[in-house]
Amino acid sequence: MTQMRVSEAASLLGVSPDTVRRAIDAGRLASTRDAAGRTVVEGADLAALAQQQAHPADVGAVGASSARNQLRGIVTRIVSDPVMSQVDIQAGPFRLVSLLSTEAVEEMGLEVGSVAIATVKATNVGVGVPA
């Protein structure tokens, strides 16, 4: 099983090591000691905690859609040329980047600070592991 130190777990959750220690102290995350006496957590336990803590804003009414992965967030950046635009959305802890036509951006009235719903539907998701 994958074990990791508190600092690595904190980095993966995007929180401070103290936040991970508080989760351990509160019984929300199990821990043990490694051979050097350092506190470690199991990767599977950390994954479960990460899923419990993932609370993107409620999407609200969207209408009929076959896509199930919808995240409500705020537009943080728009880079446009005459044909295409890049729109960055921060949805909770997730940064999403979408490429769409500049015409669509204008029709929706998107600007930095707009609330937007990112819909993710993919047939392929690449996965890698750290070196």
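The values are calculated or read from the model by the stated rules, or taken from the named source; none is laboratory data. None of these values were measured; they are calculated from a predicted model. Virtual Cβ from ideal backbone geometry, glycine too; neighbours counted across all protein chains shown.
The table that follows gives values for the structure above.
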quantity: Unmet requirement for residue 87, which otherwise passes all of (1) surrounded by 14 or more Cβ atoms within 10 Å (Cβ to Cβ); (2) more than 19 Å from the chain's Cα centre (by Cα); (3) at pLDDT 90 or above; calculated: (2)
quantity: Options 38, 33, 28; residue that is under 25 Å from residue 92 (Cα atoms) and not assigned by TED's automatic domain parsing to the domain that holds residue 93; calculated: 28
quantity: Candidate set from region 13-49 (those that are in a loop (DSSP other than H, G, I, E, B) and touching a Leu at 6+ places or on another chain (Cβ under 8 Å)); member that is surrounded by the most Cβ atoms within 10 Å (Cβ to Cβ); calculated: 29
quantity: Residues (over 21 Å from the mean Cα position of the chain (by Cα) and among the β-branched types (Val, Ile, Thr)) located in region 1-40; calculated: 2, 24, 32, 39, 40
quantity: Residues (small (Gly, Ala, Ser) and surrounded by fewer than 14 Cβ atoms within 10 Å (Cβ to Cβ)) located in region 1-12; calculated: 7
